[in-house]
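Q: Okay, here's the structure, questions in a sec.
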Amino acid sequence: MISSNDFRTGITIVVDGQLWTVVDFQHVKPGKGSAFVRTRLKHVIRGNVLEKTFRAGEMLERAIIETREMQFLYGSGDEYHFMDNSTYEQLHLGHDMLGDNVDLLKEGTNINVQFYDGNVIGAELPNHIDLEVIETDPGFRGDTATNVQKPAKLETGGTINVPLFINPGDKVRVDTRERKYVARIQ
């Protein structure tokens, strides 16, 4: 249990049987009446935001989220198989749990998987992944006057836009949060 007076950004609580993370909070002491805590909560699974007010000192259930590092083994159809790095147990997750950037995952990549009461509630890809460019159009000399980009197919099958000087066989660093080219790796 946690008191509403002890709220901090990032704490996960249970409200009406659902998991919510505290995004923002404000303690309010009006001149008349009792104090209260105004919060902005984000649903852990769906991602929607809720503004809710709690009485000062109100007790709520605190959710204990366990994060485990897991290694991506392989994908088959719409399922992706992972291995827990500490217990060597295998787990498979669906495309809906991993998000649209799952096509940037390379075999052997470690991700963080969040558990609550033994159930998977989320998965977080690393912020940056280094991948090899398999296929892209050639860049022409003199085309560098503006920040022009071209599509490139990566070794995992995903595609991103890269600058014109990137050629097939080059390794690039990709930001998985925004699905953008970051840098060329030597």
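Q: Evaluate the following for ARG62: is it over 17 Å from the mean Cα position of the chain (by Cα) and of a type outside the set (A, V, I, L, M, F, W, C)?
A: So ARG62 fits the description; yes.
Q: Right, next: Right, LEU125: modelled with pLDDT of 90 or more, under 30 Å from SER86 (Cα atoms), touching a helix residue (DSSP H, G or I) at 6+ places or on another chain (Cβ under 8 Å) and hydrophobic (A, V, I, L, M, F, W, C) or not?
A: no
Q: Restricting attention to region 64-76, report how many residues are at pLDDT 90 or above and of a type in the set (A, V, I, L, M).
A: 2
Q: Determine whether ASP96 is in a strand (DSSP E or B) and within 27 Å of ASP175 (Cβ to Cβ).
A: Judged against the criteria, ASP96 is not a match.
Q: Name the pairs whose Cβ atoms lie under 8 Å apart, with the first residue in region 100-111 and outside any loop (DSSP other than H, G, I, E, B), the second of a type in the set (Asp, Glu) and surrounded by fewer than 14 Cβ atoms within 10 Å (Cβ to Cβ), and 6 or more positions between them or separate chains?
A: The qualifying pairs are ASN110/GLU69; ILE111/GLU69.
Q: Can you name the residue in region 134-158 that is crowded, with 16+ Cβ neighbours inside 10 Å and at pLDDT 85 or above and is also farthest from VAL102 (Cα to Cα) among such residues?
A: If we take residues in region 134-158 being crowded, with 16+ Cβ neighbours inside 10 Å and at pLDDT 85 or above, then THR136 is farthest from VAL102 (Cα to Cα).
The values are calculated or read from the model by the stated rules, or taken from the named source; none is laboratory data. This structure is a prediction, so every number in the text was calculated from the model and none was measured. Methodologically, a virtual Cβ is constructed for each residue, glycine included, from the backbone with ideal geometry; neighbour enumeration extends over all protein chains shown.
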